[in-house]
Amino acid sequence: MKIFNTRHGVQQYLQQQQAVGHNIGFVPTMGALHQGHLSLIKQAQQLASVVVCSIFVNPTQFNDPKDLEKYPRPIDADIEKLEHAGCDVLFNPAVNEMYAGNESWHLDIGRLEHLLEGEFRPGHYQGVMQVVNKLFTIVKPDWAFFGQKDYQQVMVINQMISRLNLPVKLVMCPIEREPNGLAMSSRNIHLTPDDRVHALVLSRALTQAKAAFKKGDDLLAIQQQATALISSEPGTLLEYFEIVNGETLLPATPDSRGIVALVAARVGNTRLIDNVIIR
Ligand code: AMP
């Protein structure tokens, strides 16, 4: 695997690859890689002849400085995992390689940015768009692979691509879970053994919501049931459980074409998110 720390280095290498006919699949990450990330790499390898992974803990998308500080950064283990997965290129820049001081950025994507995660993490999606747009400019991917785990993020990036007419195709990949249902996340390493047990309530609530929808229960009743289930779990503080239209992320109606249930909760000191597509 080729490893680059500079924009210039990776750009030059990828331009050469494109010039000889390769197409590029791109998997942006913040590292602390797990099976979820590696499933994106695998998906990218199905479509692209050169697969690029970036590892960059992007400061502009953190609204909590403590969260940024304690974000795991096991770079040596990450490199080993990428090598093993057969990734072709790693781009791992330092903060000052990506940002020249206090840059300003704002892209209006309407309400999408302010709903759900946006309400609990103000400014988060502006930071995400800022860094992903920069990374797209550097890597110039044909395809970019994002996880359904961050469902709202996929919708936000989709909006950015469409509003800025970016020449990249977005691929959303399924959520990888532990055998017990817990959605894999870099933040899971902060969970204590007790937290790990309590955290299972999130995937349980989502699975039950999907089953109840199949059975024909109404959306409000499903949401109330899930809320009650999560709220009764010790050590768990529910932030939201919403059943929404899969495109607008506004509350779903029975005739919404796509319907997604999204949840966020604090389990111990760790904030977790998860979701399921229920139609
Ligand atoms: P992160 O490093 O958390 O920014 O995640 C990088 C990418 O991996 C994002 O597109 C995430 O949605 C995706 N991802 C994170 N966790 C999972 C998972 N459990 N399954 C599939 N994709 C995931």
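Here, each number is a calculation from the coordinates, and none is a lab measurement. These numbers come from a predicted model, not from an experiment. So basically every Cβ, Gly included, is an ideal-geometry build from the backbone, and we count neighbours across all protein chains shown.
Summing Lys and Arg as +1 and Asp and Glu as -1 over all other residues whose Cβ lies under 12 Å from the Cβ of LEU116 gives a net charge of -4.
Cross-link partners of LYS42 among lysines, defined as those whose alpha carbon lies under 29 angstrom from its own and excluding same-chain residues fewer than eight positions apart: LYS2, LYS70, LYS81, LYS134, LYS140, LYS149, LYS169, LYS210. Each other residue within a Cβ distance under 14 Å of LYS149 adds +1 if Lys or Arg and -1 if Asp or Glu, for a net charge of -2. When Rg and the Kirkwood radius Rh are both evaluated on Cα atoms of the chain, their ratio Rg/Rh stands at 0.97. Label point of LEU237 set 7 angstrom out along Cα-Cβ; within the range 45-74, amide nitrogens under 20 Å from it belong to 62-71. Label sites at ALA77 and THR192, each approximated as a point 7 angstrom past Cα along Cα to Cβ, lie 2.1 nm apart.
Only helical runs count toward this figure. For the chain, summing -39,500 (n - 2.57) over DSSP H runs of n ≥ 4 and dividing by all residues gives -13000 deg cm²/dmol at 222 nm. Only the Cβ atoms of Lys and Arg (+1) and of Asp and Glu (-1) were treated as charged; on that basis the dipole of the range 186-274 about its Cα centre amounts to roughly 220 debye. Computed from backbone phi, the HN-Hα couplings of the range 175-190 come to 6, 8, 10, 5, x, 7, x, 4, 5, 5, 7, 4, 6, 4, 5, 7 Hz, rounded to whole numbers (Karplus: 6.51 cos²θ - 1.76 cosθ + 1.60, θ = phi - 60°; Gly and Pro given as x).
Taking square-rooted eigenvalues a ≥ b ≥ c of the alpha carbon gyration tensor, is the range 151-217 rounded, prolate or oblate, where a/c under 1.5 means rounded and, failing that, a/b exceeding b/c means prolate? Judged from the Cα gyration tensor, the range 151-217 comes out oblate (a/c at least 1.5, b/c at or above a/b).
Taking amide H as placed 1.01 Å from N in the peptide plane, CYS173 has its amide H under 5 Å from the amide H of PHE146, GLY147, GLN148, each at least 5 places away in sequence or on another chain.
The stretch between VAL95 and ALA228, if pulled fully straight at 0.36 nm per residue, gains 43.7 nm over its current Cα-Cα span. Basic side chains Lys and Arg get +1 at the Cβ, acidic Asp and Glu get -1 at the Cβ, and with that the dipole of the chain about its Cα centre reaches some 400 debye. In the range 186-274 the Cα-Cα distances spread across 5 Å bins starting at 0 as 3, 15, 26, 22, 15, 11, 6, 2, 0 percent of all pairs.
Amide H contacts under 5 Å for SER54: VAL27, THR29, PHE91, restricted to partners 5 or more places along the chain or on a different chain, H placed in the peptide plane at 1.01 Å from N.
The distance separating the Cα centre of the range 147-213 from that of the range 220-236 comes to 18 Å.
A simple rule links phi to the HN-Hα coupling: the Karplus curve 6.51 cos²θ - 1.76 cosθ + 1.60 with θ = phi - 60°, which for the range 262-269 gives 10, 9, 9, 8, 8, 10, x, 9 Hz, with x for Gly and Pro. Near the amide H of ILE109, within less than 5 Å, lie no amide hydrogens of residues on another chain or at least 5 residues away, with H placed in the peptide plane.
For the range 273-279, 3J(HN,Hα) computed residue by residue from phi via the Karplus equation (6.51, -1.76, 1.60; θ = phi - 60°) reads 10, 7, 6, 9, 7, 9, 8 Hz, glycine and proline entered as x.
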